[in-house]
Amino acid sequence: QVQLVESGGGLVQAGGSLRLSCATSGLTLRSYNVGWFRQAPGKAREFVAAITWAGTTTSYADSVKGRFTISRDNTKNMVYLQVNNLKSEDAAVYYCAAGAPTKSTVPGAYRYWGQGTQVTVSS
């Protein structure tokens, strides 16, 4: 059974930072392109960042460019999302996803999803 597990979320003040992690079981994550998405209450799930299986190419939503960094350590089968200078509008449940044929920005392109980790930003 394939599982993706996100961790690292929490409550942080505006301007603060977190490091989100995505771990897997039943899946060799280093073989897959991985994306991070987020969903705030009452809103659609939106693309945040993506990285190719080798880690050579990344892409970001315009709203997070310069503040968020996606990376991966294929020796540990892990993908990370460093989130800096958090704003109130970044508050959401953050999901990692794997299995898209490219570093897609479309949720439907990804086959595997985690349960999410909550990021809350206080002002």
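The values are calculated or read from the model by the stated rules, or taken from the named source; none is laboratory data. What you are looking at is a predicted structure, and each value in this text was computed from that prediction instead of being measured. Positions of Cβ are backbone-derived with ideal geometry, glycine not excepted, and every protein chain shown enters the neighbour counts. Ligands, DNA and RNA are stripped out before the accessible areas are found, and what is left, the full protein with its side chains, is counted by its heavy atoms. Shrake-Rupley method; radii C 1.70, N 1.55, O 1.52, S 1.80 Å.
Observations
- Residue in the stretch 78-123 that is modelled with the lowest pLDDT, counting only those that are among the basic types (Lys, Arg) and under 15 Å from Ala50 (Cβ atoms): Lys103
- Residues of the stretch 101-114 that are under 19 Å from Ser21 (Cβ atoms) and open to solvent by 30 Å² or more (accessible area, probe 1.4 Å): Lys103, Tyr112, Trp113.
- Only one of Thr24, Thr75 that is under 14 Å from the mean Cα position of the chain (by Cα), of a type in the set (Ser, Thr, Tyr) and open to solvent by 20 Å² or more (accessible area, probe 1.4 Å): Thr24
Each row is one residue, and each column tells you yes or no for (1) surrounded by 21 or more Cβ atoms within 10 Å (Cβ to Cβ); (2) of a type in the set (Phe, Trp, Tyr); (3) in contact with a helix residue (DSSP H, G or I) (Cβ under 6 Å, 6 or more places away or on another chain); (4) on the phi > 0 side of the Ramachandran plot.
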| position | (1), (2), (3), (4) |
| --- | --- |
| Trp36 | yes, yes, no, no |
| Gly42 | no, no, no, yes |
| Ile51 | yes, no, no, no |
| Gly99 | no, no, no, yes |
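- Tabulated pairs, the stretch 1-16, first touching a residue at least 60 places away in the same chain (Cβ under 8 Å) and among the hydrophobic types (A, V, I, L, M, F, W, C), second assigned to a loop (DSSP other than H, G, I, E, B) and open to solvent by 80 Å² or more (accessible area, probe 1.4 Å), C-beta under 6 angstrom, 6+ apart or interchain: Ala14/Ser123
- For the stretch 32-55, the criterion of being among the basic types (Lys, Arg), more than 23 Å from Val106 (Cβ to Cβ) and in contact with a strand residue (DSSP E or B) (Cβ under 8 Å, 6 or more places away or on another chain) is satisfied by no residue at all.
- For first residues located in the stretch 44-68 and touching a residue at least 12 places away in the same chain (Cβ under 8 Å) and part of a strand (DSSP E or B), partners that are of a type in the set (Val, Ile, Thr) and open to solvent by 20 Å² or more (accessible area, probe 1.4 Å) and lie 6+ apart or on another chain with Cβ distances below 6 Å form the pairs Phe47/Thr105; Ile51/Thr58.
- Of all residues making up the stretch 58-72, the number that are charged (D, E, K, R) and crowded, with 16+ Cβ neighbours inside 10 Å: 1
- Restricted to the stretch 78-92, and to residues there that are in a strand (DSSP E or B) and open to solvent by 30 Å² or more (accessible area, probe 1.4 Å), the residue that is farthest from Arg19 (Cα to Cα) is Met78.
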